[in-house]
Amino acid sequence: MTGVSELWAGAGANARSPMKWAFPSLVKGVGLCYTPPVPAACVRVHAEAGPTPAEGVQRVVLASTSPRRRELLEQVGLSFEIVPPDAEAEAGLHAGRNLSETRQAVEAAARAKAASVAARMVPGTLVVAADTVVVLGRKMLGKPRDPERAARMLRNLSGRLHRVLTAVAVHRAGEETGLSACEETRVRFRPLSEEEIAAYVSSGEPLDKAGAYGIQGLGALLVERLEGCYFNVVGLPLVALHRLLRASGVDLLAAPEDWPRPERAGSRKSGPDMEGGRCAW
């Protein structure tokens with residue numbers, strides 16, 4: 001497992017759990033805001049209040065529209081908002097001449113995503129971004145653009161060992177430095193028949209996944225073994241993220257009062273307290 005990488009200066013320089021979420025509300029100019037369950041009487045006030053957290057509460061933003069990354073953050077009990085990165089930050093990722101260069105490229109891409117969103121946030125906002133690629137030999141496999149490319153990727157992965165690289169970056173808005181790390185997991189596919197490849201592609205699951213498979217879904221039936229972090233293959237290495245967040249002042253295990261944590265089963269009060277026109281739990 002790799003640790004926290006060195007600080008980078010100026011982002012532009014290198015550039016299912018039982019818990020469920022109540023409702024996604026579109027916030028003008030910001031994105032999707034995921035909030036813990038609130039009663040109907042409180043929904044209107046909460047929506048009008050917008051995405052700015054209460055005074056003294058740490059604001060966390062996920063710079064990704066990936067449902068897998070959203071679910072993983074939900075799993076560890078972190079309240080957050082979703083703000084997609086700029087289109088420029090999403091493009092331009094290419095494989096390096098070797099694995100080391102490819103790791104650097106993936107990490108730079110995650111940093112660029114975090115920086116593009118941090119630039120639009122109020123100072124102090126903590127932005128989390130990630131980028132995942134599949135590496136087979138010297139070739140980097142991204143998301144297939146159509147079923148034919150998905151089938152081709154799966155044929156190449158069949159019976160072979162590949163690497164999944166996920167870089168995660170944490171950038172606090174208003175600061176010129178941030179933290180990032182890149183994790184690697186080795187995955188071996190069992191031999192796949194043409195019928196199995198066709199059936200999996202027809203499910204539609206491969207089309208929005210790096211390497212044309214999702215290990216958290218039907219793609220689990222294709223994987224013979226893996227070495228490393230399972231969540232890294234899903235798209236967000238949680239231990240690496242925990243290290244980065246803790247270094248940035250947010251400890252997911254300590255659960256201090258200065259950052260938002262959604263309600264867990266059995267811990268909810270009988271009703272909301274209204275403070276300054278907002279819902280306090």
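The values are calculated or read from the model by the stated rules, or taken from the named source; none is laboratory data. The structure presented is a predicted model; accordingly, all values stated were derived computationally and were not measured. Neighbour counts run over all protein chains shown; Cβ positions are idealised from the backbone, glycine included. SASA here: full protein model, heavy atoms, side chains in, ligands and nucleic acids out. Shrake-Rupley method; radii C 1.70, N 1.55, O 1.52, S 1.80 Å.
Figures for the structure shown
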| quantity | calculated |
| --- | --- |
| From the options VAL38, VAL61, VAL57, residue that is farther than 15 Å from THR132 by Cβ, open to solvent by less than 30 Å² (accessible area, probe 1.4 Å), of a type in the set (A, V, I, L, M, F, W, C) and at pLDDT below 90 | VAL38 |
| Those residues of the stretch 172-192 which are assigned to a loop (DSSP other than H, G, I, E, B), in contact with a strand residue (DSSP E or B) (Cβ under 6 Å, 6 or more places away or on another chain) and among the acidic types (Asp, Glu), in sequence order | GLU176 |
| Subset tally (residues that are closer than 22 Å to LEU179 by Cβ and touching a strand residue (DSSP E or B) at 6+ places or on another chain (Cβ under 6 Å)) for the stretch 196-232 | 3 |
| Total residues in the stretch 99-155, condition of a type in the set (D, E, K, R) and either touching a strand residue (DSSP E or B) at 6+ places or on another chain (Cβ under 8 Å) or open to solvent by less than 60 Å² (accessible area, probe 1.4 Å) (or both) | 7 |
| Among (1) outside any loop (DSSP other than H, G, I, E, B); (2) open to solvent by less than 10 Å² (accessible area, probe 1.4 Å), the one test that GLY214 misses | (1) |
| Of all residues making up the stretch 156-177, the number that are within 24 Å of the chain's Cα centre (by Cα), open to solvent by less than 70 Å² (accessible area, probe 1.4 Å) and on the phi > 0 side of the Ramachandran plot | 0 |
| Any hit, the stretch 143-163, residues being aliphatic (A, V, I, L, M) and under 30 Å from THR125 (Cβ atoms) | no |
| Residue within the stretch 183-206 that is closer than 25 Å to VAL117 by Cβ, surrounded by 23 or more Cβ atoms within 10 Å (Cβ to Cβ), at pLDDT 95 or above and of a type outside the set (Ser, Thr, Tyr) present | yes |
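Residue by residue, here is whether (1) in contact with a helix residue (DSSP H, G or I) (Cβ under 6 Å, 6 or more places away or on another chain); (2) at pLDDT 95 or above; (3) open to solvent by 40 Å² or more (accessible area, probe 1.4 Å) holds:
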| residue | (1), (2), (3) |
| --- | --- |
| LEU226 | no, yes, yes |
| PHE231 | yes, yes, yes |
| GLY249 | no, no, yes |
| PRO260 | no, no, no |
| GLU275 | no, no, yes |
